[in-house]
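Report on one structure; see the data block that follows.
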Amino acid sequence: SRIAILISGRGSNMAALIYASRADGCSYEVALVTGDKPQAHGLEVAVAESIAVEALDAKALGPAYWDKLHEVLKAADVDLIALAGFMRIIPDDFLARWDGRVVNIHPSLLPKHKGLATHEACLAARDKVTGATVHLVTPDLDSGEILGQVEVAVLSDDTAEALAERVLIAEHQLYPHIVSQFLGRTNDFDWITEK
Ligand code: GRF
């Protein structure tokens, strides 16, 4: 299967998805890295790793951005869109065109702590355990079907930054694993539909 990764910044989950795609038995290849900010650091990493990159500028494109994004994803013939630190709310009509084929990683054990500042929320709630979740993207923010989760213990002296750093390590393990598993599962269904 072919995936596109959408980023807005650092791209460490993007890098984890790229590196894992080179391992034996991985069910996907990274066909494209794109996003909404041409200056996103992750784009440089993807170029250095010889991955096809489309540097779209959502601000400059305005409302035309979503059609342009759809076009580049279609041209790359991707089966799945993996959001990785993509900081833009996706319009419903775009999502409808990719229904069931957009996944995201979120740094909490959903349904706990949706939205931003998850680690602050986790510490404020005095949670003993947090983690990361890979889920399907639906119009309701951070509420689509959960595909996989990993737990991370909260330490008594944790700061939001320290917690974010450890959860990120867990994210890098979880995301490629779940994407590979999910696409393996989807391929089984393809075979059934073709009959
Ligand atoms: C990650 O913590 C991810 O869970 C969240 O945004 C962060 C992106 O980091 N959605 P990176 O760009 O993958 O390094």
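The values are calculated or read from the model by the stated rules, or taken from the named source; none is laboratory data. Bear in mind that the values here come from a model prediction, so they are computed numbers and not experimental data. We place every Cβ from the backbone using ideal geometry, glycine too, and count neighbours over all the protein chains shown.
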A careful count of residues in region 105-116 that are within 12 Å of the ligand (Cβ to nearest atom) and either among the hydroxyl-bearing types (Ser, Thr, Tyr) or free of Cβ contacts under 8 Å to residues at least 40 places away in the same chain (or both) gives 7
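Could you check how many residues of region 107-123 are of a type in the set (A, V, I, L, M, F, W, C) and touching a strand residue (DSSP E or B) at 6+ places or on another chain (Cβ under 6 Å)?
Qualifying residue count for the region: 3.
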So is ARG101 under 12 Å from the mean Cα position of the chain (by Cα), modelled with pLDDT of 95 or more and over 30 Å from GLU161 (Cα atoms) or not? yes
Report, ordered by the first and then the second residue, all pairs with beta carbons closer than 7 Å, sequence separation of six or more or different chains, a first member in region 72-97 that is touching a residue at least 60 places away in the same chain (Cβ under 8 Å) and at positive phi, and a second member that is within 16 Å of the ligand (Cβ to nearest atom) and among the aliphatic types (A, V, I, L, M). GLY85/ILE7
Which ones in region 48-104 are among the acidic types (Asp, Glu) and within 16 Å of the ligand (Cβ to nearest atom)? GLU49
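Regarding GLU171, is this residue in contact (Cβ under 8 Å) with a residue 12 or more places away in the chain, under 27 Å from GLU29 (Cα atoms), surrounded by 15 or more Cβ atoms within 10 Å (Cβ to Cβ) and of a type in the set (Asp, Glu)? Lay out the reasoning, then the answer.
Numbers: in contact (Cβ under 8 Å) with a residue 12 or more places away in the chain: yes; under 27 Å from GLU29 (Cα atoms): yes; surrounded by 15 or more Cβ atoms within 10 Å (Cβ to Cβ): yes; of a type in the set (Asp, Glu): yes.
Yes, satisfied.
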Where a residue in region 40-66 is over 23 Å from LEU17 (Cα atoms) and its partner, wherever it lies, is loosely packed, with under 13 Cβ neighbours inside 10 Å and at pLDDT below 95, with Cβ under 7 Å and at least six apart: none
Reported set for region 1-34 where residues are more than 9 Å from the ligand (Cβ to nearest atom), in a helix (DSSP H, G or I) and not hydrophobic (A, V, I, L, M, F, W, C) is TYR19, SER21
Do you know which residues across region 80-118 are outside any helix (DSSP H, G or I) and among the polar types (S, T, N, Q)? ASN104, SER108
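Table: residues versus (1) at pLDDT below 95; (2) closer than 19 Å to VAL179 by Cβ; (3) exposed (fewer than 12 other Cβ atoms within 10 Å of the Cβ).
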| site | (1), (2), (3) |
| --- | --- |
| GLY62 | no, no, yes |
| VAL72 | no, no, no |
| ALA82 | no, yes, no |
| ILE90 | no, yes, no |
